[in-house]
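First the structure, in the form of structure tokens, and then the observations on it.
Only the coordinates and a few stated rules stand behind these numbers; no lab work does. Keep in mind that what you see is a predicted model, and the values were worked out from it rather than measured. In this analysis, Cβ positions are derived from the backbone assuming ideal geometry, glycine residues included, and neighbour counts consider all displayed protein chains.
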Amino acid sequence: MFKPQIDTQEPRPTCLEVDLGQLAANYHAILAHLGGVPAMPILKANAYGHGLVPVAKLMEHLGAPILGLAFLEEAIALRRAGITSPILVLGGILGNQIPRFLEHDLILSASSVDKLQAIDACATAVGVRARVHLKIDTGMERIGVHWYSAEALLEASLRCASVDVLGIFSHLSTSDEADTSLTRLQLERFCEVLRFYEARSLPCPVRHLANSGAVLQHPDTWFDLVRPGILTYGVLPSDQVPVTVPVQPALTWKSRVVYFKVVQAGQPVSYGATWAPADWTRVVTVPVGYGDGYPRALSNRAEVLIGGQRLPVRGRVCMDQIMADLGRGEAYNGDEVVLLGRQGDQRVTVEALAAWVGTIPYEILTGINTRVPRIYLNDPFA
Ligand SMILES: *Cc1c(COP(=O)(O)O)cnc(C)c1O
């Protein structure tokens, strides 16, 4: 029989367990698949909800050559936590942020000639060398110089006084889809841009293009470095990709029963009175809600695990509480409730949560609020 464990040291009955051993195994599985191409793990958005600093420390210990983030402030948080690895900030930058990049020894993405020149001017003024990766837009239409105008950026990069161009990259918009035609086109455009270096007999900076979808199914996009995000966390970018890397998810989102009652037939449960039982039923209350990132769209849709059983969430998800229907089953105050992950031989996947909400696993993972304490398990370097 399933026996929940009770740990009275938990700061809150609701917590997110992060299996660092599993994240390490995922990173190694990705490297084995790549057969020699290095990987820059992507740690943006609180490491896809797993906790920025602990995941960065793990990846640094595992020998990741460089870490990828979206924003300056994420990178500064890592520097303040003592992370000394190279860090590339992938997102767009504003001119007033440049001194901060230089101060914290961060690698910038130069996504236009103007921005590159602003970086150069700032580095020259401060008297340091700026390190950049050039960002080419090959079809995503987000940031970067269009592939058909890229020559101006590459030319300008040769004329900078204080900039070292360490890399050049682009981003794929459909690498996780069964239809590979746009990926093929983006790859061709990227190669076309790279011919600039060959034509001038110049050494090419580190080239990178592949996100998780491309790591899984497009080896010809791997170049000198890949950028796996969600795959590092053991989750597939979509259900259309071949599962060519044996990764497993690392999260278990847990809470505990804090209240038990019998609801009589016809008595509606939670805000809006959206559900009432046809016959009396046993209902428990669990202290987690949309204020933790358990989406309100899960109201009357999700299932949770209690006592190794799948049980429906009834009524609306509140900010801090949900109700689950035991039927004729039993549960007691303090019993473990699993919202995401395994309990006994049952499992709630992030894909299931995403499907119930009508979104993608990325949004569920990154939405788990910082109010939920993270607990780190199996730290291989602890
Ligand atoms: C987020 C991001 C990635 C990682 O994407 P996944 O689909 O999670 O692998 C890679 N590169 C860039 C530029 C990104 O913004």
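Taking the three principal axes of the alpha carbon atoms in the range 251-348, the coordinate ranges are 36, 27, 20 Å, sorted in descending order.
In the chain, with Lys and Arg counted as +1 and Asp and Glu as -1 at Cβ, which of these residues, Ala70, Val226, Trp280, has the Cα nearest the positive end of the dipole, that is, farthest along it? So the residue we want is Trp280. Taking a ≥ b ≥ c as the square roots of the eigenvalues of the alpha carbon gyration tensor, the range 190-302 is prolate, as a/c is not under 1.5 and a/b beats b/c. Run through the range 93-193 and list the trypsin sites (Lys or Arg not before Pro) located in a DSSP loop whose Cβ has at most 11 other Cβ atoms within 10 Å. Loop-located and lightly packed - Arg159. Full extension of the chain between Asp224 and Arg342 gives 38.8 nm of extra length, using 0.36 nm per residue less the Cα-Cα distance.
A protection proxy built from the mean count of other Cβ atoms within 10 Å ranks the segments 219-231, 330-342, most packed first, as 219-231, 330-342.
Summarise the long-distance tail of P(r) for the chain by giving the % of C-alpha pairs beyond 34 Å. Considering the chain, 37 percent of its Cα-Cα pairs are separated by more than 34 Å.
I need the shape label for the range 74-177. Rule: rounded when a/c is under 1.5, else prolate if a/b > b/c, else oblate, with a, b, c from the alpha carbon gyration tensor. Oblate. Computing FRET efficiency as 1/(1 + (r/R0)^6) for Asn96 and Ala161, where r is the C-beta to C-beta distance and R0 is 22 Å, gives about 0.60. With just the Cα atoms defining each centre, how far is the range 175-238 from the range 262-329? Give it in Å. Using only Cα atoms to place each centre, the spacing works out to 44 Å. Which of rounded, prolate or oblate describes the range 134-261 when judged by the alpha-carbon gyration tensor and an a/c cut-off of 1.5? Judged from the Cα gyration tensor, the range 134-261 comes out prolate (a/c at least 1.5, a/b above b/c).
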